[in-house]
Amino acid sequence: MLIQYVAARELSSTLFSTELVVIGATVVTLLGPSVGYALSGRVRSIGRLAGWGAAALLIQLALPVAARALTGALCDATGTSLTAALLLGGGLIVLCGFYATLLPLRAEKVALPRLYICELLGALLALLLIRFCPSWQLTLWAYYALAAAAAHLLLRQAALTVLVAGLALAAAVFYPRLDARAARLYYARCRGHAAPTVLAAAYSPYQRIDVVQDAPADNTAPPQRTLYLDGVAHFQSGELTLFPQLLAQLPGRLMPTRGPALVAGSGSFSAAGHLQRLGYSVTVVELDEKVAQLGFAFFTDAHKLRPGQVQVVTDDIRRFLSHTKERYQLIVLDVPAPYHLQTALLHTASFYRLVAAHLLPDGVAALSLCDDLDGPIGSSIAAAAAQSFSELQVLASEALGLSILYASAQGALPFSAAATAAALAECDSLGGQVYGDTNTRSIIRTAQPLSEYDLSGVLALSRQSLPLPRSRSE
Amino acid sequence: MTAAPRPSLSQRAEALLTGMWLALWQVALAATLLRTSGATVQSFFALTATWLSGGVLGARWLLARTAKDAALPEKDPAPRSEYKVGTRLLLPAVLLLGIGAKGLGAAAPFSPVAAGVILAAGAAAGAYAGIFIADRSRGWPDVARLLLAENNGFVLGYAGAFALLLWWAPWLDALALGVGIGLALSGRPLGALRPALGLGAAAALYYLLRPFVGDRGWDGLMTATVLTHPDWVTTRELLFFAHPLVIPLTAPLFWLGLPPLYAAAAREALCAGGVVALGYLATVALSHSRRAGILTAAILTLAVGRWHLATCGEEKEAAMLFGAGFLFLYLDHRELWDLQLPAWRTRSPVFRRTFLSVLLALSVAVHLVNAALGVVIAADMVLTRPATYRRAALREGLLLLGGAAILAGPFFLWLAVGPGGARTAKEVLGYFFEYHLSGEFLSLPWQSETAGPAGLGERALVVYTSAREWLLGSAPGAASIASAGESILVVALAAALLTPLLRRGSPAAIRLLGWALLVLGHACIFDSGNPESVAPSMTLLVILGSAGLFRPLRSRWRWLGTFIAAAALVGLAARHFSQERAARQRAQGVRSLIEPAVPSSVPLADLCQLIDAELPREALLLVSDRLHASYFHIYTRRRPLVTDYLDASPEVLRQRFALTSLSLRVYRPALDSAAIAAAIQAGRPVYLLSSEPRPDVPQRELPWDDLHLYALSPAPPAAPSTALP
């Protein structure tokens, strides 16, 4: 359980985290036992088993750092590496397969049910450890200690146990330094940062969070900082600052009245900061408490907020909305693109209906289409919004390369397309287009809306991010 | 040296399928938890922990049981169960918990109770996994092979589950449930039920995967409308008088995530599969021939009209499943035939009577047409020979009818008096005979244009044509009414086929024929031209016909029965697939216009969504056919106005247009023609969707049913996108 958990987290936070990568990582950790069961009858000699065990041990000790280092060393122009993915997958099969051989080997002597109960109890123990361990570092100490314990129980030789325990201790002690180096290599090679510094790296129960700072370009501009969630850029001071402006500041400015506002997803708190300065009373709902902590602490230049100026709630936004009776003037959905099932549910018609039900009569919802309006993902998200909201307006920004959708729950939007276009011209030097309700609905008329029961958009988006050769058209 | 013993094929298949089911079930539960309890990490950990804890408890329970059995003296060992360990109670309980969790999650999302049921379902599934590994390992020569087969199944199931979850999630739930049911059934003694269930499952799967491509009927559309807009109706419409439990039966499929129109079709497909299974059992019981049973199953599956009606969500298969289920079991209970059902005859008579009473009450509550079963039982009581047997029949009949009346009577009375608002006995009757009294469907042959015997003959031909359409479908260009010669020939052949069976076969045959004739008789006066009216009779006649063809023949004539059956099946299959292909081709126009990512089996739904997207939000839409309005109700936020119903009061709509209370709720126009004229005057865009030609009005031709979209009031030019430099 512990190895599966560490492996799935490392692979999914390294190989551009999408649902397909998570599924792939989990399938690989499940394939390992099949290989172990299939070979358990053929590797009964001590020599073969010892060789396999030694290889598994080395992979286990290296895994928490190797995934990122290997991908960083081998990555190609797409920012990922098929070779690294295959090597990691193979390594995991060797590792998980070795542990899987133990149950049938031992079950020859003792009845399987008792051993099976022990295995399940071990998995439960690991689960409790993962859930209640206060830090990732401590979880890794247990993970490394497991290697030493396994070596002792299998070999019963004090010298070898000491050797393995020494290796495990070294891996645990040097992990922070090795991880930082691997992360620097990874962000320099795979994400194109110039001499990056990892200001903070943390593992929450949901994801790995990195705050990466580039080397300062000159003395006038502050160094660029980026917030990464599972290796995917969520906020970047610089070009991505336009995103919170268009998503939150622009509709916030155009609204005739200022009242309560809700921001789903904290990120760098830029959206919340814009709205707070415009006079809104802002509530931020963030699922991952650690993201909120790091976002607030490391992006003060972007949000310019003081603690207490916005209310932060740690909860799932769908659950929060289904329980609250509050209604808002403006709801900003600053949520990740539908790379995962969890985030895809925040782009569905049923979620948008929940959002619409919490808007004041002249309220507005703002959301990102994560794509162009006529793109496969963008049109699916817009079609879902079209099913749930009354009037739509879509802003396609050239500089941002994405479209943003504003919607009202009942009746017309409180600002016209012309007003939006004028506001866009002020903040986007490259310009763009604003589509009114009729044009938007006409463009997406044949699009299949993302729904709880049709999440093919996740598949499409995940596929785009796989480290596979692309055709020219792609 | 001898080779190591190998596990049997069934052992390997069971391990592989169990692993696959566990993965499907785990992912389906996790997805339900994610949807209905949120994406918090606590949910994920709670589900994994309950699953693992269940596994520990399950394996521990098995160890304790094994120890207890081993402690018994050798001369008095524990009785050997015919069920595989875990499949008798635990696995069905796991499946029921999963269904309950799904339904509760849909009905009360983010409630702790719903999350609790999901976790309980996870714990129970984990317990089954623990029991499975601990128990089956004793029968395998090598535990590594068991673990390998189970783990391979898990990997396959896991990958497949996520593929389905991302592509079309309802199939994940359906597959998880289907494989679970299959495992539960494979672990118990089934006897003759095994081939019946196989044929039924195949039929249901075919209906689910290859539905009719085309327009849907009123029943399917209304069910879907009520599921989409429960706020539009009251309890009266939800428990619709003619088939009170049909919409509630469909709701769980809707909660599973099926689109509403597909939920109605899926209900019928599943019930149609059940009817096929019952048909097989009945035919084998009548003819003692499996070939006859297979013939019945094949004809029922391929009958073109039946497939059309069922996959469009008309409710006759649901009615038939409950009705036939009752009658067939009743006849078995009376020992008039032997369906060879495991654990039915061995039950006590009290249990069987109670079960049959409940089933009869349910049958009538599902569809009023099943009230005819009361007449069949009464006839059985009166006509049973000799007199000594008649007394037993009388006793059983009275007990069953009395039991069913006690169960269903208060429900129907409440339905009429409460939601129906009836205050007198006449009003109660009027409530349940709303269709008959509306005048839309009831027409007596002697009241038709052709009076006297000619009128009766003409009506008989209409009913025969409906029956033919149920079996063979209606080809474009075919005569609207069959010829008298053809119908006389077919009836004579049927009589020749059935007479020996009725005279010398099981006494159950004549009772089945009685029910069939009763429904046919009703069809002569009620909606005679609709194949739906004769559907129950045709199902029974197929059963009797197949049994008649294969009843114990002398061996020299057996080849003839097989030849006729094969020829009939080949002809029916050719007819079925040609009509299926033709229906699909008719939809090509709509598909090439819309180019949907996944072609729908309801082209008009795609077309209505396209029209809705293209018309301005504020546009008024009129439709000449009320059923067209239903597609907008189900698939869009638009509520079109039915032109014929404009300016009509509810009384007029009831009397002149025969609108039921449900239709009134859905189709009664919100505006009158004066308001529409005022809207046109004010420049509001008004459109009409109709197949009636209107040459002088600006229009757009649509590639379905000769439909045109007429612009009655010019729409303002669409605002171009506001371009910036």
Looking across region B:182-199 at residues that are at pLDDT below 90 and in a helix (DSSP H, G or I), the single one that is nearest to residue B:263 (Cα to Cα) is B:182
The residue from B:135, B:173 that alone is in contact (Cβ under 8 Å) with a residue 40 or more places away in the chain, in contact with a helix residue (DSSP H, G or I) (Cβ under 6 Å, 6 or more places away or on another chain), surrounded by fewer than 24 Cβ atoms within 10 Å (Cβ to Cβ) and assigned to a helix (DSSP H, G or I) is B:135
Looking across region B:583-611 at residues that are more than 14 Å from chain A (Cβ to nearest Cβ) and in contact (Cβ under 8 Å) with a residue 60 or more places away in the chain, the single one that is farthest from residue B:473 (Cα to Cα) is B:589
Note on region A:291-311: residues surrounded by fewer than 20 Cβ atoms within 10 Å (Cβ to Cβ) and at pLDDT 85 or above are A:309, A:311
The condition of being within 11 Å of chain B (Cβ to nearest Cβ), farther than 21 Å from residue A:37 by Cα and surrounded by 17 or more Cβ atoms within 10 Å (Cβ to Cβ) holds, among A:124, A:115, only for A:124
Counting only residues that are under 27 Å from residue A:265 (Cα atoms) and of a type outside the set (D, E, K, R), region B:29-69 contains a total of 19
Q.
When you scan region B:146-168, do you find a residue that is more than 8 Å from chain A (Cβ to nearest Cβ), without any contact (Cβ under 8 Å) to a residue 40 or more places away in the chain and assigned to a helix (DSSP H, G or I), even just one?
A. yes
If I filter region A:43-53 for residues that are within 12 Å of chain B (Cβ to nearest Cβ) and among the hydrophobic types (A, V, I, L, M, F, W, C), do I get at least one hit?
yes
Discussion item. Residue B:363 - would you say it is small (Gly, Ala, Ser) and farther than 21 Å from residue B:540 by Cβ?
Written reply: no
So, first residue in a loop (DSSP other than H, G, I, E, B) in region B:480-492, second residue of a type in the set (Val, Ile, Thr), Cβ within less than 8 Å, six or more apart or across chains; the pairs are B:480/B:465; B:481/B:462; B:481/B:465; B:482/B:465
Next on the checklist: Being aromatic (Phe, Trp, Tyr) and farther than 22 Å from residue B:377 by Cα is the requirement here; does residue B:515 meet it?
Outcome noted: no
Please determine whether any residue of region A:411-428 is within 9 Å of chain B (Cβ to nearest Cβ), acidic (Asp, Glu) and free of Cβ contacts under 8 Å to residues at least 60 places away in the same chain. no
Filter region A:440-461 for residues that are under 13 Å from residue B:614 (Cβ atoms) and buried (at least 21 other Cβ atoms within 10 Å of the Cβ); the one that is nearest to the other protein chains (Cβ to nearest Cβ) is A:441
Against the definition (at pLDDT 85 or above, surrounded by fewer than 21 Cβ atoms within 10 Å (Cβ to Cβ), over 26 Å from residue B:257 (Cβ atoms) and within 9 Å of chain B (Cβ to nearest Cβ)), how does residue A:433 come out, yes or no? yes
- [ ] Evaluate the following for residue B:643: is it touching a residue at least 40 places away in the same chain (Cβ under 8 Å), surrounded by fewer than 21 Cβ atoms within 10 Å (Cβ to Cβ) and of a type in the set (Ser, Thr, Tyr)?
- [x] yes
Those residues of region B:424-439 which are under 14 Å from residue B:661 (Cα atoms), of a type outside the set (Gly, Ala, Ser) and either loosely packed, with under 14 Cβ neighbours inside 10 Å or free of Cβ contacts under 8 Å to residues at least 40 places away in the same chain (or both) amount to B:433, B:437
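Yes/no per residue for (1) surrounded by fewer than 18 Cβ atoms within 10 Å (Cβ to Cβ); (2) not small (Gly, Ala, Ser):
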{"position": "B:361", "(1), (2)": "no, no"}
{"position": "B:365", "(1), (2)": "no, no"}
{"position": "B:370", "(1), (2)": "no, yes"}
{"position": "B:377", "(1), (2)": "no, yes"}
{"position": "B:383", "(1), (2)": "yes, yes"}
{"position": "B:386", "(1), (2)": "yes, yes"}
{"position": "B:389", "(1), (2)": "yes, yes"}
{"position": "B:392", "(1), (2)": "yes, no"}
{"position": "B:396", "(1), (2)": "no, yes"}
A careful count of residues in region B:660-678 that are crowded, with 17+ Cβ neighbours inside 10 Å, among the aliphatic types (A, V, I, L, M) and in contact with an Asp or Glu (Cβ under 9 Å, 6 or more places away or on another chain) gives 2
Cβ pairs under 9 Å, 6+ apart or interchain, first in region A:142-158 and among the polar types (S, T, N, Q), second modelled with pLDDT of 80 or more, ordered by first then second residue, are A:157/A:151
With respect to residue B:307, is the statement that it is assigned to a loop (DSSP other than H, G, I, E, B) and either in contact with a Leu (Cβ under 7 Å, 6 or more places away or on another chain) or surrounded by 24 or more Cβ atoms within 10 Å (Cβ to Cβ) (or both) true?
-> no
Exactly one of A:327, A:318, A:253 is of a type in the set (D, E, K, R) and touching a strand residue (DSSP E or B) at 6+ places or on another chain (Cβ under 6 Å), and that one is A:327
Do we find a residue being over 20 Å from residue B:158 (Cβ atoms) and outside any loop (DSSP other than H, G, I, E, B) anywhere in region B:14-35?
-> no
Reported set for region B:32-60 where residues are facing another protein chain (nearest Cβ under 7 Å) and at pLDDT 85 or above is B:34, B:35, B:45, B:48, B:49, B:52, B:53, B:55, B:56, B:59, B:60
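Okay, residues lined up against (1) closer than 13 Å to residue A:331 by Cα; (2) touching a helix residue (DSSP H, G or I) at 6+ places or on another chain (Cβ under 6 Å):
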position: A:348; (1), (2): no, yes
position: A:352; (1), (2): yes, yes
position: A:358; (1), (2): yes, yes
position: A:367; (1), (2): yes, no
position: A:374; (1), (2): no, yes
position: A:381; (1), (2): no, yes
position: A:387; (1), (2): no, yes
position: A:392; (1), (2): no, yes
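The values are calculated or read from the model by the stated rules, or taken from the named source; none is laboratory data. In this text, all values refer to a predicted model and were calculated from it rather than measured experimentally. FYI the Cβ positions are ideal-geometry reconstructions off the backbone, even for glycines, and counts take in every protein chain you see.
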